[in-house]
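Peer 1: Structure in structure tokens, see below.
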Amino acid sequence: MSQEKIEGDPESDPELGEEDEVEAEKMPLIEHLVELRNRLLWSIGALVVGFVLCYLVAEDIYAFLVQPLADVMEGQPGRRLIYTGLHEAFFTYLKVAFFGSVCLTFPIVAGQIWAFIAPGLYKQERRAFLPFLLATPVLFLLGASLVYYLIFPLAWKFFLSFESPGGAHMLAIQMEPKVNEYLSLVMKLIFAFGLSFQLPVVLMLMARAGLVTAKGLAEKRKYAVIITFAAAAILTPPDVISQIGLGIPILVLYEISILGARMVEKKRAEREAADDT
């Protein structure tokens, strides 16, 4: 005689056991709000501690951000960065410390977000979502490295090319960047490239949710090219080097996203076939 499945037994019905586990972890609204408050406090506390630590080494962080410009100007005496407001240098170091704190504590903040949403997911959903969470800082680091080591040197050389030694009836044109403006430009570009490199994560999550398909993404490739370079023109300075430097990697990531969406669809089809069997 075949053994019948016991109703409500998690061991005899794995899917039911997973649902029961999620049901058991459900909390009232007040407890959800308390949990959210605790996660926010941990995140803010990490940011504050990171800010203090980064402010202690703010000069070193700023030296690292200025290094690409220093390399381009190497061997040119008299080069300098200036500030015209009494408070400008001080607030620049505050921005540097906050920028460093965000980068340093991102894994902690992401971990708190994950700890808040994970109990509401099935085990299968947690296993599927976790790789995307781990890929996010890696892709951001790749985007930031690209702009720091490749785009910055090319862009700074391009901007320096507009200098003029002057003449008998013409004043010389020499670049003397302000510390605040330079930092704002560097942070803007780093965040623009880092966020743009999250495209595969976003599109593959949308593909997993059934919002987009690999076929649809491939058919809209020409629109993606237009939108990509329009976004690059908005996010980067008005020079061709930065715009192309951001646009081409995004298009490459778009193609990678199409391949990833196909893999997601293939796995979903295999899973559905297994469920039907």
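Peer 1: Exactly one condition in (1) within 30 Å of Ala155 (Cα to Cα); (2) in contact (Cβ under 8 Å) with a residue 12 or more places away in the chain; (3) among the charged types (D, E, K, R) is false for Arg208; which is it?
Peer 2: If we test Arg208 against (1) within 30 Å of Ala155 (Cα to Cα); (2) in contact (Cβ under 8 Å) with a residue 12 or more places away in the chain; (3) among the charged types (D, E, K, R), just (1) comes out false.
Peer 1: Looking at Gly245, Gly260, can you tell me which residue is small (Gly, Ala, Ser) and in contact with a Pro (Cβ under 8 Å, 6 or more places away or on another chain)?
Peer 2: Gly260
Peer 1: Can you find a residue that is over 20 Å from the mean Cα position of the chain (by Cα) and surrounded by 16 or more Cβ atoms within 10 Å (Cβ to Cβ) anywhere in region 123-144?
Peer 2: Within region 123-144, none of the residues are over 20 Å from the mean Cα position of the chain (by Cα) and surrounded by 16 or more Cβ atoms within 10 Å (Cβ to Cβ).
Peer 1: Pairs, please: C-beta under 6 Å, at least 6 apart or cross-chain, first residue farther than 20 Å from Ala214 by Cβ and modelled with pLDDT of 80 or more and in region 241-266, second of a type in the set (Val, Ile, Thr) and assigned to a helix (DSSP H, G or I)?
Peer 2: Final answer for the pair search is Gly245/Ile151; Gly247/Thr228.
Peer 1: Then there is this: Do you know which residues across region 211-222 are under 23 Å from the mean Cα position of the chain (by Cα) and either surrounded by fewer than 16 Cβ atoms within 10 Å (Cβ to Cβ) or under 15 Å from Ile250 (Cα atoms) (or both)?
Peer 2: Leu211, Leu217, Arg221
Peer 1: Also, I was wondering about something else. Please give the number of the condition Asn180 fails out of (1) out of contact with any Asp or Glu (no Cβ under 6 Å at 6 or more places or on another chain); (2) surrounded by 16 or more Cβ atoms within 10 Å (Cβ to Cβ).
Peer 2: Of everything listed in (1) out of contact with any Asp or Glu (no Cβ under 6 Å at 6 or more places or on another chain); (2) surrounded by 16 or more Cβ atoms within 10 Å (Cβ to Cβ), Asn180 misses just condition (1).
Peer 1: Read through the list (1) exposed (fewer than 14 other Cβ atoms within 10 Å of the Cβ); (2) in contact (Cβ under 8 Å) with a residue 24 or more places away in the chain; (3) aromatic (Phe, Trp, Tyr), then give the number of the only condition that Tyr55 fails.
Peer 2: Tallying (1) exposed (fewer than 14 other Cβ atoms within 10 Å of the Cβ); (2) in contact (Cβ under 8 Å) with a residue 24 or more places away in the chain; (3) aromatic (Phe, Trp, Tyr), Tyr55 fails exactly one: (1).
Peer 1: Take the residues in region 157-194 that are touching a Ser or Thr at 6+ places or on another chain (Cβ under 9 Å) and in a strand (DSSP E or B), then tell me which one is farthest from Gln67 (Cα to Cα).
Peer 2: Across region 157-194, the extreme among qualifying residues is Met170.
Peer 1: Pairs please, first residue from region 186-205 and more than 9 Å from Val147 (Cα to Cα), second anywhere and of a type in the set (Ser, Thr, Tyr) and buried (at least 21 other Cβ atoms within 10 Å of the Cβ), Cβ atoms under 7 Å, 6+ apart in sequence or on different chains.
Peer 2: Ala192/Thr236; Leu199/Ser257; Pro200/Ser257; Leu203/Ser257; Met204/Ser257
Peer 1: Sticking with this structure for a sec: If a residue has to be assigned to a helix (DSSP H, G or I) and either among the aliphatic types (A, V, I, L, M) or surrounded by 14 or more Cβ atoms within 10 Å (Cβ to Cβ) (or both) to count, how many in region 79-106 make the cut?
Peer 2: The qualifying residues number 18.
Peer 1: Of the conditions (1) closer than 27 Å to Ser196 by Cβ; (2) not in a helix (DSSP H, G or I), Gln76 clears all except one; give me its number.
Peer 2: If we test Gln76 against (1) closer than 27 Å to Ser196 by Cβ; (2) not in a helix (DSSP H, G or I), just (1) comes out false.
Peer 1: What number of residues within region 83-97 are under 12 Å from Leu183 (Cα atoms) and either within 25 Å of the chain's Cα centre (by Cα) or aliphatic (A, V, I, L, M) (or both)?
Peer 2: Number satisfying all stated conditions: 8.
The values are calculated or read from the model by the stated rules, or taken from the named source; none is laboratory data. Source: prediction; values computed, not measured. All Cβ positions, glycine included, derive from the backbone under ideal geometry; neighbour counts span all protein chains shown.
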